[in-house]
Amino acid sequence: MSAITRRGLFGVGAATAGAAVAGAGALAVGGLPASGAGASAATWTRPDVVPFRGSHQAGIATPVQDRMHTVAFDLSTSDRAAVVRLFKAWTDAANRMTAGQEVGEGAIPALEESPPDDTGEALGLPATRLTLTLGIGPGFFESEGADRFGLRSQRPEALIELPRFAGDKLDPLRTGGDLVVQACADDPQIAVHAIRNLVRIAFGTATVRWSQLGFGKTSSTTPNEMTPRNLFGFKDGTENIGAADTDLLAQHVWVDAAKDGSPSWLDGGTFMVARRIAMRIETWDRTSLGEQEQLIGRTKQSGAPLGSSQERDKVHIEALPPASHVRLVHPDSNDGHHILRRGYSFVDGSDGLGRLDAGLFFIAFCRDPRTQYVPMQRKIASQELLAEYLVHTGSGLWAVPPGVGEGGYWAQSLLEA
Amino acid sequence: MKASETECTPDNTALTAGVTTFNVDNVGSKGTEIYILRPNGSTVGERENIGPGTKVKLTVELTAGEYVVRCRPGDIGDGIKTSIKVTGATKAVQADARIATAVTEYRTYVAAGAADSLKLAKELQAAIAAGDLAKAKTLYVQSRVGWESTEPVAEAFGDLDPEMDLREADLEAGQKWTGWHVIEKGLWEKKSTAGLSEYADKLVANLEDLISRVPTAEINGTSMANGAKELLDEVATGKITGEEEAFSHADLVDFQANVTGAKKVFDLLKPVVVDSQPDLATQLDTTFAALQKELDAVRTGPGVTEFPSYDTVDKASRDKLAAAVDALAEPLSHLAAAVATSA
C-alpha cells in the first residue's frame, strides 16, 4: 500500500489549505447549473472534481479548465454490440478518472504478470476538474453508403457535412472522425492520461484519427473571472455564454428534440464544432497596434469595444469597422444567434521554416450548426480582414448526446434507439 | 462480495490458497474502501474510492493463513471487518500439467524453427560463396522465417540476438556489425555477394549455438506468453514502420513469422486460458483471425515468403495492419496473467 494516494493527497491538501480551497470548490462544483443534477452528493464534494453524471454532459457549460486534449476516432467495427461494450467501458473509465480514481484494477495490479489497467502517470495527482465529453460524427450513422449500425434513421438533420468555407486548407488527417472525445483539465498530464487510457480501451473497436493538445483557454464560461487572451494577444470570448446563464444555454446550446425536430435521443444534447485554425503568428506580430485593433474591433489592453472604455461596455456593432472580427461575429450581426465557445490555443512546435505551428483550436457548442455556426463562419471566411492571418487546417462536427444518468452509459439513448 | 454502510461480506470466507479475485459491489449509499489485511495488519491489497452503486475487482494472491477483509464506508474510522481463512498450499504455476505439456511442445517448435533457419542459412552461405546474388536474396528472406517466429527465446540468451539480428541503426560507436542485416545490406544495396562469406559463416555458427542451447533454455508458461506479446511488440515497432528490413523490404515476411510464432504460443496455452479466462480466449481467437485476414489481403501467394515488398504497400493497407496489430496486442498482453492465475 503506497502512503500517498490520489484521494489521500487531496484530503490533506483540502484540510490544510483551508478556506481558500473550499471557496474555490464551491465555485467550481456548486455553481454548475447544467451537470450537477443527479450527481451523488455523498462522493462529489471535492473542488477538483466536476461530476461526470448529470442531465447534460460536463465539459460544455461547466467552467472552462486550462488544458485540453481532444481526440477523434474512427470505428473499425460494424457491430453495434461492440460499440455498446466500448461506450460502457469508456463510461466506467471516465466515471473513475473524472473522480481522480484509477482505471479498472488500477495502476499497480496485484499480479506482476499483468499489465496495469491504468497507465499510472496520474497517480498522486488530483483530478483538476477533468471533464470528458463524447460526440458522435456523421460517419457513425453512415459510412460509404452503408447503414453500419442500423441507426441511419437516427441521424439528426443538423448533423451535416460542414460546407467548404473560403480559404479552408483542411488536412484530411486533422478532419472529421466517427467519434470525438474532448478532455479538459487544469493539469495537462491529467487530460493526456485520460485520452491515453480511453484510446487503449478502444483498441480493436476504434482507431485514433487525430488528436490535438491545447493550452490557455481562449474563452471562459465564468464571466466574473478575467477574460483570457488568445495567441493574437487579445481578450477572447468576452460575450461568451456563462455557465450560470441557463436561459441563454436553453435558447442557444441545448437541443430541445420536440421543438427542433431532432431525434429524441439527442434531447438535452448539443452539437460540437471544432476547427484547427493556424495563425500566421509572425506576420501578425509585425502588424501595428492600430491595425490589430481595427481587425479585431476591440482595444488590445482592456478589451473594450473600439470607441468604448470598458471591456464589458455594450457593443454597438455599427460603431465598429465593417470588416472587423467582433462586428461580424456579434449576435447582433447574426440574427441574435449565440454560440458557446470553449477553444484553446495550441503550439505544435515549429514548421521547419522557423515559424511557430500555432493557433487556435476553436471549439463551439450550439443547438443547430446550420443556423448558428455555418452562416457566421461563411461570412467571416469571406469578409473579415483577419482571415489574412488565419488558415483553417482541421475541422469536425459532432452531435453531443445528453448527459449520463446513474447506471447509464455514454450515448445510451442513441444506441438503444 | 457486498459492501455497504453495515456490511462487508464476502460470499465465501473459507478460501483456497492462490490468486483470488474479490468482486466488490458497493450497494450502500456512501463511497467506500476495501482492504485485505494480514494478521499483523499489513495490507495485501486495497481498493479505494469505490463510489456508491459501483463495482470493482480486487485481485490478490493469498497463502494459507488468517486474513481480515476491511471495508471503510464513508472513508472514515476503522470500518467493518470480516475474517477469512485461507487453506491449502499455493500451487506452483508449473504444477499445472497442461502448462508443462505446452512448454514441452513449444520447445520442440522453437528447435524446429531454429533448425529450419540453420538449413536455409547454410544454403545462403553456399549461394554467397558461389556468388549467386539472386539465389542469395531468396535464401536470405527464407532463412529469417524460423528465426522470426521463435525470436524471444533466442533474445532471452542476451548475447545471440545482437550478433545475429542487429540493425545498422542500432549499432554503438565502435561495435562490430554482424548477422543477417549486414548480409541484407550487401545483397540489396551493394548488389553483390562480395565480402559476405565471413558473415554467413558467423551466422551459421550462431544458429548452431542457438540450437545447442534450446533444450536447456529457461521456458515456462509465463515466459512463453510474454514471448508472444514481445513478438507483437516487434511487429508494432519494427515491421509496421518498415524499419526491420530497410534494404530488402521483406518486412511482411518477418511480420507473418512473428504472428505465426505468437499464434503458436496461444494455441499451445489455449486449454489453460479457455479455463481461466474464457472471454480472453475468445477475444484472442477473434483478433488473431482479424490480423491474419489483413495479412492475407496483401499476400501474393500461400507460401511463407509470398508477400509484396513493403515499400509498395499503400498507407491504407498499413493503417489497417496497424489497427489489427493494436487490436491483438492489447488482449495478448493479458495472456501471461491468465496463465499465471490458472493453477
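Laboratory data are not the source of any read-out in this text; all were calculated from the coordinates shown. Quick caveat, the model's predicted, so the values are computed rather than measured. Cβ atoms come from the backbone with ideal geometry, glycine included; neighbour counts cover every protein chain shown.
Compute the distance in nm between two label points, each set 7 Å from the Cα along the Cα-to-Cβ direction, one at residue B:68 and one at residue A:370.
6.6
If the cut-off is 13 Å between C-alpha atoms, which aspartates and glutamates fall inside it for residue B:30, apart from same-chain ones fewer than 8 positions away?
Here the aspartates and glutamates satisfying the reach criterion relative to residue B:30 are B:5, B:7, B:48, B:75.
Could you tell me what % of all Cα pairs in chain B have separations over 38 Å? The partial results should precede the final answer.
On the way: 19634 of 58653 pairs.
Summing the P(r) tail past 38 Å for chain B gives 33 percent.
So, in chain A, how many Lys pairs have Cα atoms under 30 Å apart, if the pair is 8 or more places apart or on different chains?
Close lysine pairs found across chain A: 17.
Take the Cβ-Cβ distance between residue B:134 and residue B:285 as r, set R0 to 56 Å, and report the resulting FRET efficiency rounded to the nearest 0.05. Present the calculation step by step, with values, prior to reporting the outcome.
Numbers: r = 40 Å, r/R0 = 0.72.
Efficiency computed from Cβ-Cβ geometry: 0.90.
How large is Rg over Rh for the range A:249-330, taking Rg from the Cα atoms and Rh as the Kirkwood inverse mean of 1/r across Cα pairs?
Details: Rg = 18.1 Å, Rh = 15.7 Å.
We get a ratio of 1.16 for the range A:249-330.
Quick check: the angle from helix A:80-98's long axis to the longest principal axis of chain A, C-alpha only, nearest 10 degrees?
Computed tilt is about 80 degrees.
Can you tell me, using C-alpha contacts under 8 Å and at least 6 residues apart, the relative contact order of chain B as a whole percent? Don't skip to the answer; put the middle values down first.
Details: 586 pairs, mean separation 52.1, N = 343.
The normalised contact order for chain B reaches 15 percent.
With N denoting the number of residues in the range B:2-90, provide Rg(C-alpha) divided by 2.2 N^0.38 Å, to two decimal places.
On the way: Rg = 12.3 Å, N = 89, 2.2 N^0.38 = 12.1 Å.
Here the answer is 1.02, to two decimals.
Per residue, how big is the convex hull around the C-alpha atoms of the range B:87-175? Give it to me in cubic angstrom, could you?
On the way: hull volume 12.2 nm³, N = 89.
Taking the convex hull of the Cα positions in the range B:87-175, it is 137 Å³ per residue.
Which whole-number percent is the relative contact order of the range A:86-162 (Cα, under 8 Å, 6+ apart)? Spell out each step's value before the answer.
Values: 61 pairs, mean separation 15.6, N = 77.
Relative contact order here is 20 percent.
Starting from the amide H of residue A:209, placed 1.01 Å from N in the peptide plane, find each other amide H under 5 Å away whose residue is 5 or more places distant or on another chain.
A:72, A:73, A:74
Roughly how compact is the protein assembly as shown, stated as its Cα Rg over 2.2 N^0.38 Å to two decimals?
Values: Rg = 30.0 Å, N = 760, 2.2 N^0.38 = 27.4 Å.
Here the Cα radius of gyration is 1.10 times the empirical estimate.
Compute the distance from the alpha-carbon center of the range A:165-181 to that of the range A:75-124, in whole Å.
What the calculation gives is 28 Å, centre to centre.
Among all the lysines, which ones have a C-alpha under 18 Å from residue B:202's C-alpha, if same-chain residues fewer than 8 places away are not counted?
By straight Cα distance, residue B:202 reaches B:119, B:122, B:137, B:176, B:185.
Need the C-alpha centroid separation for the range A:260-276 versus the range B:121-147, integer Å.
A separation of 62 Å, based on Cα centres.
Could you work out the relative contact order of chain A, using alpha carbon pairs under 8 angstrom and six or more residues apart, expressed as a whole percent? Before the final figure, lay out each step's value.
Details: 918 pairs, mean separation 92.8, N = 417.
Contact order relative to length: 22 percent.
Using a 7 Å offset from the Cα along the Cα-to-Cβ direction at both residue B:82 and residue A:171, what is the distance between the two label points in nm, to one decimal?
Roughly 5.5 nm, to one decimal.
How far apart, in nm, are the 7 Å Cα→Cβ label points at residue B:12 and residue A:160?
6.1
Within a Cβ distance under 14 Å of residue A:59, other residues only, what is the Lys/Arg minus Asp/Glu net charge?
Numbers: positive: A:53, A:67, A:129, A:217, A:341, A:342; negative: A:66, A:186.
That sum, taken over residues with Cβ under 14 Å, equals +4.
Going from the alpha-carbon gyration tensor of chain A, what semi-axes, largest first and in whole Å, does one get by taking the root of 5 times each eigenvalue? List each step's numbers first, then the result.
Working: eigenvalues 227, 135, 91 Å².
In descending order, the three semi-axes are 34, 26, 21 Å.
If you find the alpha carbon centre of the range A:287-339 and of the range B:275-343, how far apart are they in angstrom?
Computed from Cα coordinates, the inter-centre distance equals 57 Å.
For chain B, which longest stretch is free of loop sites, where a loop site is one of the trypsin sites (Lys or Arg not before Pro) that DSSP puts outside H, G, I, E and B and that has at most 15 other Cβ atoms within 10 Å?
Working: sites that count: B:91, B:176, B:190, B:191.
Here the longest run is B:192-343.
Stick to Cα atoms and the Kirkwood definition of Rh, then tell me Rg/Rh for the range A:267-417. Before the final figure, lay out the partial values.
Values: Rg = 18.2 Å, Rh = 17.5 Å.
Reported Rg/Rh, Kirkwood definition of Rh: 1.04.
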